[in-house]
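Comments concern the structure below.
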Amino acid sequence: MVEIKDGGAQEIYFTKDMRNHHSSSVLVGDHLYGFSSSILTAMKFDTGEVAWRDRSVGKGSLVFADGRLYLFSEKGVVGLAEATPTGYVERGRFSIQAGNLETWTHPVVAGGRLYLRDQDTIYAYDVRQK
């Protein structure tokens, strides 16, 4: 983490506890959620202190929407989890029919639908809360 002020930059902290590969992390409240290699990690943003780690769906990508984390592994496993710093709470899981290659796309939530892409196939799921 770097603080920029008065035309200069100062390092606040450096950590190897959040090693994103092909995915970005998301900031929800004061915690950052992301895949550090293959481990889903929650980290306090302003200090870099790890709140929890979980193997979850495996190495993948995520997005925050509708108050939840939508997780998508490179092997086609999809998970829904709470964005809470108190611990990993999974609300659901399923797998798509993934091809032979790894899936490195990010899940997208728009208009009440979850969109997932695996190579040449796009899946759309209705995720509106009823």
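The values are calculated or read from the model by the stated rules, or taken from the named source; none is laboratory data. Note that this is a predicted model, so its numbers are computed, not measured. No Cβ is skipped: glycine too gets one built from the backbone with ideal geometry, and neighbour counts run over all protein chains shown.
One residue stands out in the stretch 65-89 among those that are at pLDDT below 95 and either loosely packed, with under 15 Cβ neighbours inside 10 Å or out of contact with any strand residue (DSSP E or B) (no Cβ under 7 Å at 6 or more places or on another chain) (or both): the one that is farthest from LEU32 (Cα to Cα), namely LYS75.
Do we have any residue at all in the stretch 43-63 that's within 27 Å of VAL2 (Cα to Cα), surrounded by 16 or more Cβ atoms within 10 Å (Cβ to Cβ) and at pLDDT below 90? No: the stretch 43-63 contains no residue that is within 27 Å of VAL2 (Cα to Cα), surrounded by 16 or more Cβ atoms within 10 Å (Cβ to Cβ) and at pLDDT below 90. Condition check: within 21 Å of ARG128 (Cα to Cα), in contact with a Lys or Arg (Cβ under 7 Å, 6 or more places away or on another chain) and not acidic (Asp, Glu). Does ALA51 satisfy that? So ALA51 does not fit the description; no. Only a single criterion out of (1) touching a Phe, Trp or Tyr at 6+ places or on another chain (Cβ under 6 Å); (2) buried (at least 16 other Cβ atoms within 10 Å of the Cβ); (3) more than 25 Å from GLN129 (Cβ to Cβ) is not satisfied by MET1, namely (2).
A search for C-beta distances below 6 Å between a residue of the stretch 1-24 that is β-branched (Val, Ile, Thr) and any residue that is at pLDDT below 85, counting only pairs 6+ apart in sequence or on different chains, returns ILE12/MET1. If I filter the stretch 33-70 down to residues being among the basic types (Lys, Arg) and without any contact (Cβ under 8 Å) to a residue 40 or more places away in the chain, which single residue comes out as farthest from ASP17 (Cα to Cα)? The qualifying residue farthest from ASP17 (Cα to Cα) is ARG68.
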